[in-house]
Structure formats: C-alpha cells, structure tokens
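These notes concern the structure reproduced below.
Taken together, the values in this text are just the output of simple stated rules run on the coordinates, not laboratory data. If you're wondering where the values come from, they're calculated on a predicted model, not measured in any experiment. Cβ placement follows ideal geometry from the backbone for every residue including glycine, while neighbour counts extend to all protein chains displayed.
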Amino acid sequence: MTINSDNENETNQLASVIKAIVLALFAVVISVVSVSFAVHHMRLGFESEYADVYENKIMSLATTAALVINGDDIVLDPAAAGQKYSAVINLLLPPNPEDKYSVVSFGLYQYKDGQLYVVHESSTENVYSASQVQVSNWLTADLKPYTVVSGKSISILVPITDSQQSVVGLFEINGQYSGLNNYGDVLEGKILLAVIVSVSIGLLLFSVQYALPKILSTRKKNWGDTE
C-alpha cells in the first residue's frame, strides 16, 4: 500500500508539474501576443497622428516659403531666381536631422506654355511630385496649395504668380518620414524582447516552487537513508 501510495503521489505530482508547465507556456504565448497587438496598435495610432501633424507642418512651411518668391524674378531670369530663392528657402526650412526620421526637400519651377521647367531642386530623389501631377490639379481658379500624399511622403504644390497675377511658376516642398518605420520596428522589437525576458523569468520563478520542494524531499530522503 505504501509503495502504491508513493507511486500515486509521484504520478499526481508529475501531472501537476506538466499541467503547470502547459499553463505557464500558454500564459507566455497569450502575454506575448497581447503585448504585440497592443504595441502595434499604439504604433499605428502614433504614426497616424504624426502624419497629420507632419502634413500641417509641411503645409505651413510651403505657404511661408511661397510668400517670399516673386514670380517676376522667375520670368525675368529663371537661373538667377533659382540661385536667389534656393538660398532664401534654405534659411526658412529647418535643417534635416541627423537621425533621418524625416527629410525635407523643395523644388522651384517655371510654368510656361503649359509646361514646368526646373529652376531649382534641392534633391532630385525626393522632389518628384510636380512632374507627375497633372497641371489641372494644382492650376485652379482659387490657386490653393495642392497636397500629394504617397505612403510616408507628403508634397505640397503652391502656384507662384507674377505682378499681373498670372501663374508663372510652381513651388513644391516634399517631406518624407520613412525613417520613422525603422525606428518603430526597433522600438517594437525591444518592447517585445523585454516582455519575453520578463515572462520567461516569471516562468522560471514560478517553476521553482514546484521543483524546490521535490529537491528538498529527495535530499531529505537520501540523508535519512544514509543515517
């Protein structure tokens, strides 16, 4: 009876340990999935708010820079106008940060005979929307700024008029914040890693309460047999 009772106790203990391990692993999976979902949801919300704020910032920069551009200068001498206003606009725009989370570029174009001609582009890689957008989209009766959003890129196109209120040019400012994706990926990965490590440590400590009594019981039994 004693042997059977011992075997039954050991079987029950083993079943309890297996059950605890399964439940613990299930808790780990649920915790990681839950945190992953929550972090990703918060990231999407932050990026959405950031895009709205960033678009307002680019719009403000575009309208401010367009106010200092005199369309008569573009008509008189496009090359000189390009040199003049590139220096002026560079002073108005904030410097691109070293972290490259966002990059601001601009372009100035002459509008003549229904076509756009490059006067100055600060970056041939980032400033491209003006050449891809139909003239009728930005050349409207109210001459309001035209917004182009593509992924993590925002371009604002502002018509430039001369002293006769005729459209003679176009100013484009482009803001890209694709670097924010890399930052989000790194931050999300670090948070998940921290959660996995924390839960793993908790699982280890949780398992000790089952293993420690068994170890002490075994050692006590061995000491008793020795005596």
Principal axis lengths of the stretch 48-93 from Cα atoms, whole Å, largest first? 43, 16, 12
Cα lying deepest toward the dipole's positive end in the stretch 69-178, options 150, 138, 95, charges on Cβ: 150
What does the charge count near residue 76 come to, summing +1 for each Lys or Arg and -1 for each Asp or Glu among other residues with Cβ under 12 Å from its Cβ? -3
Where the Cα pairs of the stretch 69-178 fall when distances are cut into 5 Å bins, in %: 2, 12, 24, 24, 20, 11, 5, 2, 0
Lysine pair count for the stretch 69-178 [Cα-Cα under 24 Å; pairs on different chains or 8 or more apart]: 4
Starting with the highest mean, order 189-200, 106-117 by the number of other Cβ atoms within 10 Å, averaged over the residues of each peptide. 106-117, 189-200
Relative contact order as a percentage, the stretch 132-195, C-alpha pairs under 8 Å and 6+ apart, gives 22 percent
Normalised by the empirical 2.2 N^0.38 Å for globular proteins, what value does the Cα Rg of the stretch 129-169 take? 1.23
Stretchable slack from residue 60 to residue 185, in nm (0.36 nm times residue separation minus alpha-carbon distance): 42.1 nm
Could you derive backbone 3J(HN,Hα) for the stretch 46-63 from the dihedral phi with the Karplus parameters 6.51, -1.76 and 1.60 (θ = phi - 60°), listing whole Hz in sequence and x where the residue is Gly or Pro? 5, 5, 5, 5, 4, 4, 5, 5, 5, 5, 5, 5, 5, 4, 4, 5, 5, 5
Note, residue 131: beta-carbon cut-off 11 Å, +1 each Lys/Arg, -1 each Asp/Glu, net -2
Nearest-0.05 FRET efficiency for residue 47 and residue 167 at R0 = 25 Å, using Cβ-Cβ distance, is 0.10
Electrostatic dipole magnitude of the stretch 53-167 [Cβ: Lys, Arg +1; Asp, Glu -1; Cα centre; debye, to 20]: 240 debye
Under 5 Å between amide hydrogens, which residues at least 5 positions from residue 123 or on another chain qualify, with H placed 1.01 Å from N in the peptide plane? 106
Modelled FRET efficiency - R0 45 Å, residue 141 with residue 91, Cβ distances, 0.05 increments: 0.90
